[in-house]
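The values are calculated or read from the model by the stated rules, or taken from the named source; none is laboratory data. Quick caveat, the model's predicted, so the values are computed rather than measured. We place every Cβ from the backbone using ideal geometry, glycine too, and count neighbours over all the protein chains shown. Heavy atoms of the whole protein, side chains included, go into the accessibility calculation; ligands, DNA and RNA do not. Shrake-Rupley method; radii C 1.70, N 1.55, O 1.52, S 1.80 Å.
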Amino acid sequence: MRFPVTSEQHLRRRAVLVAPGSDERKAGKALASVADEVVLDLEDAVTPDWKSASRDLIAPLVRTYGAGRTVSVRINGRGTEWFEDDLRACAELGDALASIVFPKVESADDLVDADRILGKDSPVGIQALIETPAGVQNIDEIVVGPRVAGVIIGYADLGAALGRARTAAPEHWLYVQDRVLHAARSAGVQAIDGPFLGIADDAAFQHSARWVSDLGFDGKWVIHPAQIDSATAAFTPTGEQVEAARKVLAALEEAEARGAGAAQLDGQMLDEAVAVAARRTLTKIGA
């Protein structure tokens, strides 16, 4: 069964900064940053003793900042003692919360369960975090699950499950990246790359961001504010690319107005595939 895609998927997520929900100072600093989206983390960044307190701490932050920027919350996974309470707390945040990030999604059943707990009146979307081999295997059913607006690759847990070295280059993940990207595109949802396992804005991080951008991903998680600018730049078209996209669409519109069956630009034939690429380029700048 295919579920409707939420409008939340159209938000830009070039650079997504993750901050611990248990640290008000770090969360506030993240929310004041220029990242396209901030994810307040209730899962990996919070110890068991602080789960409940962190849930209470982030609620006023989401209400304060959510009206002016994209704020999401990473909840604790299905099967944990905090899962249902996290979801109910997120449902109470209403429109202030853009989405929940659902960790270790392995099947559509996970999403159906979350949808039930959130309730029909909650507008919150879901970003599915793919962190296990089962999640990769079942990605086609996950991307069409209820409320899904995007999918994210979680390298740390997935790498541990696969036995892959933490030093593996982005190129070593091509199968997973392409698998997730193809499923996301077929469902019309966003594909977001997970965090690089390092906090520096160095050549290795910049290569990682550029690699997935060239593949076609919509954005990337960052775990330090220093990485925001490089991630944003990697997923933002250049001025020349924007101008070329606008020329393509203008040429196609002119040909259609003339009733021409084909359009040309600078000696090259234009078709719908070129138009799709041009529209995607303009979407990346918010046009």
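Largest accessible area first, the residues LYS29, LYS247, LYS120, LYS220 order themselves as LYS120, LYS29, LYS247, LYS220 under a 1.4 Å probe with ligands, DNA and RNA left out.
Per DSSP H run of at least 4 residues, take -39500 (n - 2.57); add these up for the chain, divide by its residues and hand me the 222 nm value, nearest 500 deg cm²/dmol. It would help to have the intermediate numbers written out before the result.
On the way: 12 runs with 126 residues, N = 287.
Helix-only estimate at 222 nm: -13000 deg cm²/dmol.
For the residue pairs LYS26/LYS120; LYS247/LYS284; LYS120/LYS284, the alpha carbons lie more than 26 Å apart in LYS26/LYS120; LYS120/LYS284. Positive-end ranking of ILE142, GLY119, PRO170 along the dipole of the chain, with charges on Cβ about the Cα centre, is headed by PRO170. The aspartates and glutamates whose alpha-carbon is closer than 12 Å to the alpha-carbon of LYS220, local same-chain residues fewer than 8 away aside, are ASP36, GLU37, ASP193, ASP229. Length available on full extension from ALA257 to ALA169: 0.36 nm per residue minus the Cα-Cα distance, which gives 26.8 nm. Bridges between two residues of the chain, per DSSP, are antiparallel at a rate of about 10%. Residues of the chain: accessible area per residue at 1.4 Å, in Å²? About 47 Å² of surface per residue is accessible.
The apolar share of the surface of the chain, taken as the fraction of accessible area on carbon and sulfur atoms (1.4 Å probe, ligands and nucleic acids excluded), comes to 52 percent.
Under a 5 Å amide H cut-off, with hydrogens placed 1.01 Å from N, VAL222 pairs with VAL16, LEU17, VAL18 among residues at least 5 apart or on other chains.
Quick one: ranking TRP211, TRP50, TRP173 by accessible area, 1.4 Å probe, largest first, what do you get?
Heavy-atom accessible area, descending, gives TRP50, TRP211, TRP173.
Cβ neighbours within 10 Å, averaged per peptide: list 123-133, 30-40 in order, most packed at the top. It would help to have the intermediate numbers written out before the result.
Details: 123-133: 24.0, 30-40: 21.5.
Taking the mean over residues of other Cβ atoms within 10 Å, the ranking is 123-133, 30-40.
When the P(r) of the chain is calculated, the portion above 37 Å amounts to 15% of the C-alpha pairs. If you wrap the stretch 56-113 in the convex hull of its Cα atoms and look at it from every side, the mean projected area works out to 4.0 nm².
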